[in-house]
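A short worksheet on the structure shown next.
The values are calculated or read from the model by the stated rules, or taken from the named source; none is laboratory data. All figures in this text were calculated on a predicted structure; none of them were measured in a lab. Here the Cβ positions follow ideal geometry from the backbone for every residue, glycine too, while neighbour counts run over all protein chains shown.
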């Protein structure tokens, strides 16, 4: 059975993925701080809501809902134009309800929220910002085992999931607890020194199951609310 594809709406990049992300995939977006990982992930959710009428949920564990909305509005991705199709859940709301359910674990409340919102809004795309913060808040005792079950739970929801994660500067590892092996796909965003003055953002698809994708890096550009990739410009110094 051929799986439908979820477009990234990164101009030029969907073609490099063979059309987009296979639906129901779990995809890691990894990179060092400042590489626009959150903005890139929000872009996918935002334009699917506008162009494809696909409902989505953005869970922010690092920014408040208001801060995230202000930030994205400043990048010409104004949620008010698609608020019927985009829901934002932040850490403050989860914590508030966790105090009301004191006998429940943080992860139990988190999953309950996601499942309830999925039932009420039927969202098809989930963005989680970020996976390392979730690991910290959930206080995993056996991270590899618990993350395996978390990834399986995500797949059981039958949605396309984008998990934002951090890479340490100078460390080539994409993940700390085998998340890169558990994920169906990995997008790597990095800052590349082109010469003594210029720094360039670059994006590549490291892997994507069920897709014939290019493994190469592409220059990542952002202008007026739109991401775009082009061939790599120049050489690193």
Test set (1) touching a strand residue (DSSP E or B) at 6+ places or on another chain (Cβ under 9 Å); (2) farther than 28 Å from residue 54 by Cβ; (3) surrounded by 15 or more Cβ atoms within 10 Å (Cβ to Cβ); (4) free of Cβ contacts under 8 Å to residues at least 60 places away in the same chain - residue 157 fails condition number
(2)
Being closer than 21 Å to residue 111 by Cβ and in a loop (DSSP other than H, G, I, E, B), is that true of even one residue in region 25-32?
yes
From the list 215, 172, pick out the single residue that is loosely packed, with under 13 Cβ neighbours inside 10 Å, under 20 Å from residue 21 (Cβ atoms) and either in contact (Cβ under 8 Å) with a residue 60 or more places away in the chain or out of contact with any helix residue (DSSP H, G or I) (no Cβ under 7 Å at 6 or more places or on another chain) (or both).
215
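Kindly indicate which of 10, 21, 50, 59 is at negative phi, surrounded by fewer than 20 Cβ atoms within 10 Å (Cβ to Cβ), modelled with pLDDT of 95 or more and touching a helix residue (DSSP H, G or I) at 6+ places or on another chain (Cβ under 9 Å).
Working: 10 fails: surrounded by fewer than 20 Cβ atoms within 10 Å (Cβ to Cβ); 21 fails: surrounded by fewer than 20 Cβ atoms within 10 Å (Cβ to Cβ); 59 fails: surrounded by fewer than 20 Cβ atoms within 10 Å (Cβ to Cβ).
After applying the criteria, what remains is 50.
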If you go through region 33-68 one residue at a time, how many are more than 22 Å from residue 166 (Cα to Cα) and not in a helix (DSSP H, G or I)?
5
